Amino acid sequence: MDRQTVGLLALTVAILAIGAYVAFGLEGSATNPLRTGTGGSSAFASSLSSSKQIALAMLIYSTDYDDVMPPNMDNPTYVEMVTDPYMKNRSLWMSSNPASARFLPNAELSFVPSAEIVDPVLAPLIYESKEWTDGKRIIAYTDGHAKGVKGFDLATGLKVDLTQKGKDFVAKAKAASTVPPTSGPAAKPLGMPGR
């Protein structure tokens, strides 16, 4: 075979491989991280997109409030309420995960100033309440990126490393806050000290 025939043959094989990939999906393939067990790629991609939109809404919220994360993040309903003006709709908080998961805020970040997070790439902002069938859980981080993480340990994975200045600010903000610990609107707007 001459060089041109070999090239045409390689191109044909590549086109057939791509066609097979699209037609048969290669479910759970390591080459396609969006495909993940039951629910398929579109459900995972949709949830990944939702997590990024929620994270962006929370980061914009913090920008409007002196770069401080929302208070009372142990109450998902409260966080949904205060970030609602920054989102298209509240249904983004529901994941497309077939296990009926939803996104939850990381309570460790209540009152935390963004600048005091030691490593935003490693600090989870929101996470899925349940794993996908392949064991992944979507996590969105305080730097704005999101990904599916396998084997995420909620007991230790949600911890956030803060500078001493950040720890002091959080302690002072929590002491001065009139935000109810479990439900209802804040007595002071958004529960921020001095507001």
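Listing for the model above:
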item	result
Packing rank of 62-71, 165-174, where each peptide gets the mean count of other beta carbons within 10 Å, highest leading	62-71, 165-174
Ratio of the Cα radius of gyration of segment 54-153 to 2.2 N^0.38 Å, where N counts its residues	1.02
Cα gyration tensor, segment 95-179 - rounded (a/c under 1.5), prolate or oblate	prolate
Protection proxy ranking of 89-98, 106-115, 126-135 - average other beta-carbon atoms within 10 Å, highest first	106-115, 126-135, 89-98
Spatially proximal lysines relative to LYS52 (Cα-Cα < 29 Å; intrachain offsets below 8 disregarded)	LYS88, LYS130, LYS136, LYS147, LYS150, LYS159, LYS165, LYS167, LYS174, LYS188
Unit charges on C-beta of K, R, D, E only; dipole of segment 40-191, Debye	260 debye
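Every read-out reported here was derived from the displayed coordinates using simple, explicitly stated rules and does not represent laboratory data. Source: prediction; values computed, not measured. Reconstructed Cβ throughout: ideal geometry from the backbone, glycine too, with neighbour counts over all protein chains shown.
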